[in-house]
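Have a look at the structure below, then the notes.
Readers should treat all values here as calculations from the given coordinates under stated rules, not as data from a laboratory. Computed from a predicted structure; not experimentally measured. With ideal geometry, Cβ positions are generated from the backbone for all residues, glycine too; neighbour counts draw on all protein chains shown.
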């Protein structure tokens with residue numbers, strides 16, 4: 001028997017011993033939209049809590065459409081040409097339409113990568129397609145501060161547009177609860193001061209800043225307050241199945257439409273499991289999420305609810321681009337030099353987190369739950385020492401050792417990685 005785990009642009013074949021008791025954890029089968037383009041058009045014509053896009057755009061001179069960066073497999077090539085044509089048909093000139101890549105503090109997407117991200121050559125040739133740069137002070141409008149004191153500075157191109165639309169994928173997110181909607185705006189096109197406040201230890205360490213949690217989640221509450229300060233926006237929300245086919249799409253007021261998309265994906269992405277496992281095998285969701293070790297941490301965090309205390313968490317991730325940003329590499333060096341407790345003491349008093357150190361903080365969660373083991377064929381030899389986790393050269397061999405050490409042949413396998421969140425619910 002074998003199971004294919006998402007890995008790079010393909011899969012990793014995991015061969016399983018017949019004496020292992022394997023629980024494969026994946027989403028229930030999701031419904032698919034037979035006419036995806038038709039579903040997008042229908043969503044634009046019958047929005048949630050807003051007028052149809054054609055009416056909203058009538059008389060407007062400018063529009064800004066946010067798209068997620070290359071780390072998300074969003075079907076931009078499906079909906080962008082439809083939306084751009086509708087905006088132009090309503091009278092907005094092509095020169096007044098900007099597609100803005102919501103990079104947050106990630107690197108820009110350029111050249112062939114930008115064309116891949118947009119997914120439609122006509123859109124690339126017709127309207128402006130630009131990246132957000134969180135460190136450029138002049139690119140942002142200062143809207144004040146939230147009640148918690150978060151400085152709110154957002155990209156001027158979005159704030160000053162007559163029609164503001166965020167687009168994205170709604171899926172579990174390990175600190176904001178769910179991605180998409182309001183998150184594409186903040187931190188997606190926010191200034192570094194806003195983002196590094198979100199990423200400070202006081203937010204990251206909150207027990208409700210977690211996968212699939214919105215109520216009481218301080219990050220989600222900040223994002224809702226920022227939407228009010230912005231004066232509103234629209235969103236096109238998509239949900240895809242395990243094979244990345246469109247299962248759900250809606251459009252409308254950013255908060256209301258996003259919550260409906262969350263209600264849909266929650267029924268599939270959160271999978272109740274009746275036991276914990278000494279051995280959990282997962283992935284970092286494959287390309288494009290597993291391009292870096294930085295993003296791989298999401299796959300480590302997602303299954304810890306079903307990891308038995310002190311168990312082994314095994315993850316496969318291609319890491320074709322290596323560790324991630326220079327700032328992240330420096331944070332990993334500090335973790336290794338200071339140790340987990342020293343690292344937490346170092347970051348806890350900061351108002352603004354150092355860039356990307358929050359991901360190192362998130363890695364402490366699986367490290368404290370058990371032993372983390374990584375399989376990667378593309379991570380450079382000099383990078384392994386910065387991961388802080390164990391290196392696997394053979395996943396089956398690592399499983400055998402884990403089964404022997406834990407004295408339990410029950411193992412859990414999660415082929416889709418962080419897009420599925422197993423939740424421990426013991427039998428009554």
Worksheet item: Which ordering of 220, 140 is given by a fewest-first count of other beta-carbon atoms within 10 Å?
Response: 220, 140
Worksheet item: Just the projected area, averaged over all directions, of the convex hull on the alpha carbon atoms of region 88-183: how many nm²?
Response: 7.9
Practice prompt. Report, to the nearest 10°, how far helix 395-406 tilts away from the longest principal axis of the Cα atoms in the chain, using its own Cα long axis and a range of 0 to 90°.
Written response: 60
Worksheet entry | Inter-probe distance in nm under a simple model that places probes 7 Å from Cα toward Cβ, at residue 116 and residue 95 | 3.4
Worksheet item: Roughly what percent of Cα-Cα pairs across region 37-163 reach past 23 Å?
Response: 37
Discussion item. Please compute the length gained on full extension between residue 274 and residue 350, using 0.36 nm multiplied by the number of residues separating them and subtracting their Cα-Cα distance.
Written reply: 23.4 nm
Worksheet item: Which value in Å is the Kirkwood Rh of region 36-268 over different Cα pairs?
Response: 17.5
Item to complete: Name all residues of region 1-24 having a backbone nitrogen under 11 Å from the label point set 7 Å from the Cα of residue 400 along its Cα→Cβ direction, giving them as ranges.
Response: 17
Discussion item. What whole-number volume per residue, in cubic angstrom, does the convex hull of the C-alpha atoms of region 12-109 give?
Written reply: 189
Fill in: As computed over region 146-232, the Cα convex hull volume per residue (Å³)
83
Item to complete: Set the Förster distance to 30 Å, then compute FRET efficiency between residue 16 and residue 325 from the Cβ-Cβ distance, nearest 0.05.
Response: 0.25
Worksheet, complete the sentence: Rounded to the nearest 500, the 222 nm mean residue ellipticity computed for the chain from DSSP H runs (n ≥ 4, each -39500 (n - 2.57)) alone is -10500 deg cm²/dmol
Worksheet item: Using 0.36 nm per residue, how much length does the chain from residue 424 to residue 35 gain when fully extended, once their Cα-Cα distance is taken away?
Response: 136.4 nm
Worksheet, complete the sentence: With Cα coordinates, the longest principal axis of the chain makes an angle with the long axis of helix 357-369, in degrees rounded to 10, of 40
Discussion item. What number do you get for region 1-50 when its Cα radius of gyration is normalised by 2.2 N^0.38 Å, N = residues?
Written reply: 1.96
Worksheet, complete the sentence: Cβ density ranking, 10 Å radius, fewest first, applied to 312, 356, 15 yields 15, 356, 312
Worksheet item: What does the chain give for Rg and for Dmax, in Å, if only its C-alpha atoms count?
Response: 21.4, 69
Item to complete: Report, to the nearest 10°, how far helix 254-269 tilts away from the longest principal axis of the Cα atoms in the chain, using its own Cα long axis and a range of 0 to 90°.
Response: 30
Worksheet entry | Dimensionless Rg over Rh [region 182-221; C-alpha; Kirkwood] | 0.96
Practice prompt. Two decimals is fine: what's Rg over Rh for region 28-75, C-alpha atoms, Kirkwood radius as Rh?
Written response: 1.05
Discussion item. How large is the convex hull of the C-alpha atoms of region 360-428 per residue, in Å³?
Written reply: 142
Practice prompt. Can you figure out the FRET efficiency of residue 206 with residue 124, using R₀ = 41 Å and their beta-carbon distance, to the nearest 0.05?
Written response: 0.55
